[in-house]
Amino acid sequence: MTDGKAPHPPRKAARLHHEILVAYRTMDGFITDWAVNISKGGLFVNTRQPLPVGSQVRLIVSLPSTVFPFDLQGRVSWVNEFDNASNLVPGMGIEFVDIDEEKKARIADFVDALRRDLQSPEA
């Protein structure tokens with residue numbers, strides 16, 4: 001269970017565990033946290049104060065392979081509340097929405113390259 005209401009929605013893409021710096025807008029301004037995994041379709045932000053499910057989020061994502069951060073739109077798909085009964089990492093799963101084809105391709109390339117690096121015997 002996540003927030004006591006419903007299980008996580010099914011994943012559309014396999015996720016990879018990798019820390020990525022991400023900023024997102026709240027009513028109080030921008031907050032910087034770490035995304036602890038990423039897929040072609042979204043990411044999970046580790047935070048003790050997740051936004052409510054359904055919240056629209058403006059994300060600034062810094063991928064190591066890019067010179068400038070990406071400005072993306074997302075929607076909170078699911079939440080693990082802090083101090084939850086299942087002892088899951090607190091945070092929120094954010095699905096990318098309205099992403100243009102160039103950014104989608106660059107994120108997919110990053111995820112594919114990361115997957116190859118993690119599967120490498122030298123890693």
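The values are calculated or read from the model by the stated rules, or taken from the named source; none is laboratory data. Everything quoted here is computed from the prediction, not taken from an experiment. So basically every Cβ, Gly included, is an ideal-geometry build from the backbone, and we count neighbours across all protein chains shown.
At a glance:
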{"read-out": "Within segment 29-86, tally of residues that are among the polar types (S, T, N, Q) and assigned to a strand (DSSP E or B)", "value": "7"}
{"read-out": "Per-region count, segment 82-108, residues closer than 17 Å to residue 49 by Cβ and in contact with a Leu (Cβ under 9 Å, 6 or more places away or on another chain)", "value": "3"}
{"read-out": "Test: residue in segment 74-93 that is modelled with pLDDT of 90 or more, within 14 Å of residue 25 (Cα to Cα) and surrounded by fewer than 19 Cβ atoms within 10 Å (Cβ to Cβ)", "value": "yes"}
{"read-out": "Residue that is farthest from the chain's Cα centre (by Cα), among those in segment 94-106 that are part of a loop (DSSP other than H, G, I, E, B) and surrounded by fewer than 15 Cβ atoms within 10 Å (Cβ to Cβ)", "value": "100"}
{"read-out": "Cβ-Cβ under 7 Å pairs, at least 6 apart or on other chains, segment 46-58 side exposed (fewer than 13 other Cβ atoms within 10 Å of the Cβ), far side in a loop (DSSP other than H, G, I, E, B) and not hydroxyl-bearing (Ser, Thr, Tyr)", "value": "48/82; 48/90"}
{"read-out": "Qualifying position, being within 13 Å of the chain's Cα centre (by Cα), farther than 12 Å from residue 92 by Cα and either small (Gly, Ala, Ser) or at pLDDT 90 or above (or both), among 60, 20", "value": "60"}
